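Let me begin by presenting the structure, written as structure tokens, before commenting on it.
The values are calculated or read from the model by the stated rules, or taken from the named source; none is laboratory data. Just so we're clear, the structure is a prediction, and the values are computed from it rather than from any experiment. FYI the Cβ positions are ideal-geometry reconstructions off the backbone, even for glycines, and counts take in every protein chain you see. To get the accessible areas, we keep the full protein, side chains included, count just its heavy atoms, and leave off ligands, DNA and RNA. Shrake-Rupley method; radii C 1.70, N 1.55, O 1.52, S 1.80 Å.
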Amino acid sequence: MDRDELARRVLQLLTEIAPDVEPASVIPGIDFRDQFDFDSMDTLNFAVALHRELGVDVPEKDYAQLASLDKCVAYLYQAMP
Amino acid sequence: MRAAIAAAMSRSKREIPHYYLATTVDVTGTVEWLAARNASVPVTQRLLFAALVVKAVALGCRELKGFSGFHREGRYEDSDTVHVGVAVALRGGGLVAPAIMDTADKPLNVLMEEFRDLVARARAGRLRASELSAPTIIVTSLGDSPVDTVFPIIQPPQVAIVGAGAIAERPWVVAGQVVPRQVLGLSLGADHRVTDGRLGARFLARIAERLLDPGSL
């Protein structure tokens with residue numbers, strides 16, 4: 001999977017676990033928390049979805065790497081099996 | 001949504017003689033316990049600290065009467081079973097507090113699974129009316145916000161609400177030495193028609209004791 005495809009998948013998963021977030025409104029460089037009040041429950045649900053769909057088990061200590069779409073894609077790109 | 005919250009909170013402030021208590025708890029050991037536990041299980045089985053608070057409150061309600069129940073038509077009735085409501089902030093504003101049913105009887109992993117499901121459905125607008133009317137007490141956690149202590153407002157006809165602030169590293173005295181510790185601001189809003197500060201303090205202390213012994217949850 002190339003980076004653009006990965007970014008699309010991640011955005012899709014994000015809006016699945018947060019259906020009240022409009023996909024087109026997500027700004028890749030800004031933390032989810034600052035854009036739409038992403039909280040620890042959202043982060044956990046997001047990590048569960050990433051594990052289920054992409055096979056990456058993000059340890060809790062790396063949750064900061066999932067803070068924005070850009071950070072997420074960079075992190076997952078090197079962590080993907 | 002805003003009008004419904006305003007109506008419920010206005011009624012609460014008009015009818016319920018609130019008293020508020022707060023304490024700060026050194027939860028360093030519990031935070032470490034949780035991190036170690038979460039590192040040893042798959043992501044689907046990880047717990048949030050808030051789940052520990054919810055369970056500790058449920059167990060506290062079972063030990064002390066006067067905090068989990070309904071005050072209706074001039075009299076209070078303690079509930080036989082504890083259904084802890086969890087306050088969920090909605091994006092774009094608003095707040096709902098659906099119940100985790102029979103909270104005290106659920107193992108942490110089951111409780112956490114239901115907690116996750118409730119938050120997801122709350123934000124997708126797919127809660128059942130019965131889930132919103134069931135809570136016998138509510139836990140409101142502002143753990144993701146820069147808040148030390150919540151001064152929570154009771155949702156009638158309930159008679160108590162427990163607040164949890166953010167866990168923060170603070171200077172703390174342990175065995176005569178000032179050391180950095182992870183502390184949590186735990187608070188209670190309760191109804192003077194039913195209980196007094198002394199019982200409220202015992203209730204808060206029971207919750208704190210449970211939190212400090214996560215194996216008991």
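Quick notes on this structure:
- Criterion violated by residue A:51 - all others in (1) surrounded by 12 or more Cβ atoms within 10 Å (Cβ to Cβ); (2) touching a Pro at 6+ places or on another chain (Cβ under 9 Å); (3) farther than 21 Å from residue B:112 by Cβ satisfied: (3)
- Qualifying residue in the stretch B:54-70 (condition: small (Gly, Ala, Ser), more than 13 Å from every other protein chain (Cβ to nearest Cβ), surrounded by fewer than 23 Cβ atoms within 10 Å (Cβ to Cβ) and closer than 24 Å to residue A:20 by Cβ): no
- Among residues of the stretch A:20-38, those that are open to solvent by 30 Å² or more (accessible area, probe 1.4 Å), touching a helix residue (DSSP H, G or I) at 6+ places or on another chain (Cβ under 8 Å) and facing another protein chain (nearest Cβ under 9 Å), counted: 1
- Taken together, the residues in the stretch B:121-166 that are under 13 Å from the mean Cα position of the chain (by Cα) and free of Cβ contacts under 8 Å to residues at least 12 places away in the same chain amount to 0.
- Pairs meeting the criteria (first residue in the stretch A:47-66 and away from every other protein chain (no Cβ under 11 Å), second residue in a helix (DSSP H, G or I), beta carbons under 6 Å, at least 6 apart or on different chains) are A:53/A:13; A:65/A:71; A:65/A:75; A:66/A:72.
- Just one of the listed residues (A:9, A:52, A:33) is under 10 Å from the mean Cα position of the chain (by Cα), part of a helix (DSSP H, G or I) and among the charged types (D, E, K, R), and it is A:9.
- Counting only helices (runs of 4 or more DSSP H) wholly contained in the stretch B:1-105, the ones carrying 2 or more residues that are touching a strand residue (DSSP E or B) at 6+ places or on another chain (Cβ under 7 Å) and touching a residue at least 12 places away in the same chain (Cβ under 8 Å) occupy B:28-39, B:49-63.
- For residue B:144, the stated conditions hold: it is in a loop (DSSP other than H, G, I, E, B), more than 20 Å from residue B:83 (Cα to Cα) and within 14 Å of chain A (Cβ to nearest Cβ).
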